[in-house]
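Visitor: This structure is in structure tokens; I'll ask about it shortly.
Coordinate-derived values only; no laboratory data. Note that the structure is predicted; figures quoted are calculated from it, not measured. Glycine also receives a Cβ, built like all others from the backbone with ideal geometry; neighbour counts cover every protein chain displayed.
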Amino acid sequence: MAKILCVDDDRDVIEFCKATLETMGHEILTARSGKEGFTKAVEEKPDLILLDVMMDDTTDGLQTAYKLRGEESIKFTPILMLTSINQKLGYNFKRESDGAYLPVDDFVEKPISSKELMEKSKHLLGLKKEEVNVNGISE
């Protein structure tokens with residue numbers, strides 16, 4: 001199946017994502033910071049990246065997302081942003097209003113259910129496959 005990178009500083013979130021997505025047959029890679037996540041993404045070329053917003057600082061995930069989009073070899077890899085920024089800072093990301101300046105494919109407020117994580121991952125992995133097919137590149 002797919003290779004998915006989960007980047008989060010919370011061990012519980014990483015273990016939850018890992019346990020949930022492994023049941024679907026996916027290989028799960030993990031990183032505990034934006035810097036480690038970027039390095040692992042460049043080295044491993046995952047099919048999907050799950051990315052927390054607030055790690056080393058309140059914008060670590062956002063900075064990492066911009067960096068990922070600037071890296072030629074992985075710039076089209078779908079990114080699902082997992083966030084609790086609304087709970088902590090009172091800011092709620094919305095695809096309709098924030099999508100133009102945020103380089104991610106979807107947002108999910110934590111905590112996320114197993115069912116929603118599986119559905120979002122399946123959808124975003126489908127986007128990756130469509131991108132690959134559109135460009136005529138073999139998987």
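Visitor: Stretch residue 110-residue 36 to full length: gain in nm at 0.36 nm per residue minus the Cα-Cα span?
Guide: Full-extension gain reported as 24.5 nm.
Visitor: Report the net charge of residues surrounding residue 30, where surrounding means a beta-carbon distance below 10 angstrom and charges are Lys +1, Arg +1, Asp -1, Glu -1. Numbers along the way, then the final one.
Guide: On the way: positive: 11, 18, 32, 40; negative: 8, 15, 36.
Charge balance near residue 30 sits at +1.
Visitor: Amide H to amide H under 5 Å from residue 106: which residues, 5+ apart in sequence or cross-chain, H placed 1.01 Å off N in plane?
Guide: When sequence neighbours closer than 5 places are left aside, the close amide H contacts are 79, 81.
Visitor: Can you work out the FRET efficiency for the pair residue 11 and residue 127, with r the C-beta to C-beta distance and R0 = 35 Å, to the nearest 0.05?
Guide: Values: r = 28 Å, r/R0 = 0.81.
The pair residue 11/residue 127 has a calculated efficiency of 0.80.
Visitor: Label points 7 Å out from Cα along the Cβ direction at residue 69 and residue 84: separation in nm?
Guide: With each label placed 7 Å out from Cα toward Cβ, I get 2.6 nm.
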